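Asks: Handing you this structure, nothing more for now.
The values are calculated or read from the model by the stated rules, or taken from the named source; none is laboratory data. This is a predicted model, so every value here is computed, not measured. Here the Cβ positions follow ideal geometry from the backbone for every residue, glycine too, while neighbour counts run over all protein chains shown. Side chains included, ligands, DNA and RNA excluded: accessible areas come from the protein's heavy atoms. Shrake-Rupley method; radii C 1.70, N 1.55, O 1.52, S 1.80 Å.
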Amino acid sequence: MSVPETPSSQRRANRARVMGALRERGALSRSALAQIGLSRSTVTSVIDELMAAGTVVEVVAGKDARKTGRPPTLVGLNGSLGVALGLEIANGVVRAAICNTAQELLVHDSIPVDDHTPPEATLKMAGTLIDHMLARVGFTRAQVIGVGVAMPGPIQRRTGVNGRATTLKPWVNVNPWATAHEVLQLPLLVDNDANFGALAEMTWGAARGCKDVAFIYSASGIGAGLVLNGALYSGANGTAGELGHTTIDEDGLVCECGGRGCLNTLANADAITQNLWRSHRDRLSIADVIKLAQVGDAGCRRVLADAGRHIGLAAANMYNLLDPELIVIGGNLAPAGEILLGPLRESMARRAIHAGEVLPPVVVGELDYDVVVVRGAASAVLRDAESFPLPKH
Ligand SMILES: [Zn+2]
């Protein structure tokens, strides 16, 4: 027998919908809230109730407010209710960010980590970093709603372990959720770095308002976070968007995944810098290569253009299969800007089917390399009201 809907259960459901929208999208106007399928009077009564409880506060509209007329009054979650953390475990570095419940970035930081460090030791260092950062912004571990942990490479959906294609060798066949949960002792979720980056660019960056987006993230490898019809797409087994392991040259070098001539062997940061050994000798970082290219170094411009062409080939294949409305480039290659993007677009245009219509714009992401993934990871926690309830206050 089904339980009849009572006014109080209806009220709870309405409150959950409003809270869900505010957790997902940050501060909103009352009229934007009415668009989630509730009447204006219901929204007003739910907001009044949440404001009286201190859960929701009025927020001054930011720089997006129209210059003429009265700026809209927004309502958002009270930022002192708790914090969500983002953690990115990457080659050579661990990055972390703390966002409050109002979706404001409070602090971000990073520590260097040797690539051979075992997962438990890396996570212990991450835990210490998190504790220092929480102290800096005046929150405690008890106020942490959850941690979004970003890993490079695919995480196998069925087993939860990192596949062999990850660039972090000590993490191959490790279950990052179980290991991080044991070391950090905090509620958490784990996903691929590019997926979190896509979420951040959709929420705050270049992909705002888009429903079909590919976010190509270049760190030690190249991956794509795919948003299809408004939702992140990971595939049946978690390997969707592994652009860096698509074949570009069948006779090329053997990749860490065991395949030959993957995009990573031609266009990731290591492949680019190794190309310059004869001309430059010194061990250049990818940031050095980009800086030299910007002041006209011919060799550095050449290798970045070549990388752009290879990424463009892979992007054309992806476009032909998925038809995104926008392609966003983020990560350590993004600062190269048009030196990379010009050849990338040209290469893509040669191979993409577009039936006489324009190709999707290819743009550089709006969020910086050191925050895009951790911000998205924290946002993923804030969006997941079911797994990460707000702390009692
Ligand atoms: Zn590969």
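Asks: Residues being assigned to a helix (DSSP H, G or I) and touching a strand residue (DSSP E or B) at 6+ places or on another chain (Cβ under 8 Å): count how many of those fall in region 19-62. Steps first, answer last, please.
Replies: Of all residues in region 19-62, those assigned to a helix (DSSP H, G or I) come to 19-25, 30-34, 40-52.
When the remaining residues are screened for being touching a strand residue (DSSP E or B) at 6+ places or on another chain (Cβ under 8 Å), the result is 19, 21-23, 30, 33, 47, 50-51.
Number satisfying all stated conditions: 9.
Asks: I would also like to ask the following. Would you confirm whether any residue within region 348-357 is assigned by TED's automatic domain parsing to the domain that holds residue 305 and buried (at least 21 other Cβ atoms within 10 Å of the Cβ)? So that I can check it myself, show each step before the final result.
Replies: Quick first cut of region 348-357, residues assigned by TED's automatic domain parsing to the domain that holds residue 305 only: 348-357.
Subset that is buried (at least 21 other Cβ atoms within 10 Å of the Cβ): 348.
Within region 348-357 (the criterion being assigned by TED's automatic domain parsing to the domain that holds residue 305 and buried (at least 21 other Cβ atoms within 10 Å of the Cβ)), the answer is yes, since at least one residue qualifies.
Residue-wise test of (1) open to solvent by 30 Å² or more (accessible area, probe 1.4 Å); (2) at positive phi; (3) at pLDDT 95 or above; (4) not β-branched (Val, Ile, Thr).
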residue: 334; (1), (2), (3), (4): no, no, yes, yes
residue: 359; (1), (2), (3), (4): yes, no, no, yes
residue: 366; (1), (2), (3), (4): yes, no, yes, yes
residue: 371; (1), (2), (3), (4): no, no, yes, no
residue: 386; (1), (2), (3), (4): yes, no, no, yes
residue: 390; (1), (2), (3), (4): yes, no, no, yes
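Asks: Related question: Suppose we filter 315, 307, 240 for residues that are open to solvent by less than 40 Å² (accessible area, probe 1.4 Å), more than 22 Å from residue 92 (Cβ to Cβ) and modelled with pLDDT of 95 or more; which single one remains?
Replies: Numbers: 307 fails: more than 22 Å from residue 92 (Cβ to Cβ); 240 fails: modelled with pLDDT of 95 or more.
Step by step, each of 315, 307, 240 is checked, and only 315 is open to solvent by less than 40 Å² (accessible area, probe 1.4 Å), more than 22 Å from residue 92 (Cβ to Cβ) and modelled with pLDDT of 95 or more.
Asks: Which of the residues that make up region 1-37 are at pLDDT below 90, farther than 19 Å from residue 209 by Cβ and among the aliphatic types (A, V, I, L, M)?
Replies: 1, 3
Asks: Next question, about the same structure. Out of all the residues in region 142-158, is one or more free of Cβ contacts under 8 Å to residues at least 12 places away in the same chain, open to solvent by 10 Å² or more (accessible area, probe 1.4 Å) and within 16 Å of the ligand (Cβ to nearest atom)?
Replies: Taking region 142-158 first, the residues free of Cβ contacts under 8 Å to residues at least 12 places away in the same chain are none.
Scanning region 142-158 turns up no residue that is free of Cβ contacts under 8 Å to residues at least 12 places away in the same chain, open to solvent by 10 Å² or more (accessible area, probe 1.4 Å) and within 16 Å of the ligand (Cβ to nearest atom).
Asks: Identify the single condition in (1) modelled with pLDDT of 95 or more; (2) open to solvent by less than 60 Å² (accessible area, probe 1.4 Å); (3) within 16 Å of the ligand (Cβ to nearest atom) that residue 247 does not satisfy, given that it satisfies every other one.
Replies: (2)
Asks: May I pose another question? Among the numbered criteria (1) part of a strand (DSSP E or B); (2) at pLDDT below 95; (3) not basic (Lys, Arg), which one does residue 328 miss?
Replies: (2)
Asks: What tally of residues in region 84-105 results from selecting those that are assigned to a strand (DSSP E or B) and closer than 29 Å to residue 31 by Cβ?
Replies: First pass over region 84-105, keeping only residues assigned to a strand (DSSP E or B): 84-90, 93-100, 105.
When the remaining residues are screened for being closer than 29 Å to residue 31 by Cβ, the result is 84, 99-100, 105.
Counting residues in region 84-105 that are assigned to a strand (DSSP E or B) and closer than 29 Å to residue 31 by Cβ gives 4.
Asks: Mind telling me which of the residues 257, 262 ends up being hydrophobic (A, V, I, L, M, F, W, C) and touching a residue at least 60 places away in the same chain (Cβ under 8 Å)? Step through it out loud before you land on a result.
Replies: Numbers: 262 fails: touching a residue at least 60 places away in the same chain (Cβ under 8 Å).
Criteria check complete, one pass: 257.
Asks: Can you confirm whether region 345-352 contains a residue that is assigned to a loop (DSSP other than H, G, I, E, B) and either modelled with pLDDT of 95 or more or farther than 30 Å from residue 148 by Cα (or both)? Can you show your working first?
Replies: As a first pass, look at region 345-352 and keep what is assigned to a loop (DSSP other than H, G, I, E, B): 352.
Next cut, either modelled with pLDDT of 95 or more or farther than 30 Å from residue 148 by Cα (or both) only: 352.
Yes, region 345-352 contains a residue that is assigned to a loop (DSSP other than H, G, I, E, B) and either modelled with pLDDT of 95 or more or farther than 30 Å from residue 148 by Cα (or both).
Asks: If you don't mind, there's one more thing I want to ask. Which of (1) more than 28 Å from residue 114 (Cβ to Cβ); (2) within 16 Å of the ligand (Cβ to nearest atom) is the odd one out, the single condition residue 254 does not satisfy?
Replies: Every listed condition holds for residue 254 apart from (1).
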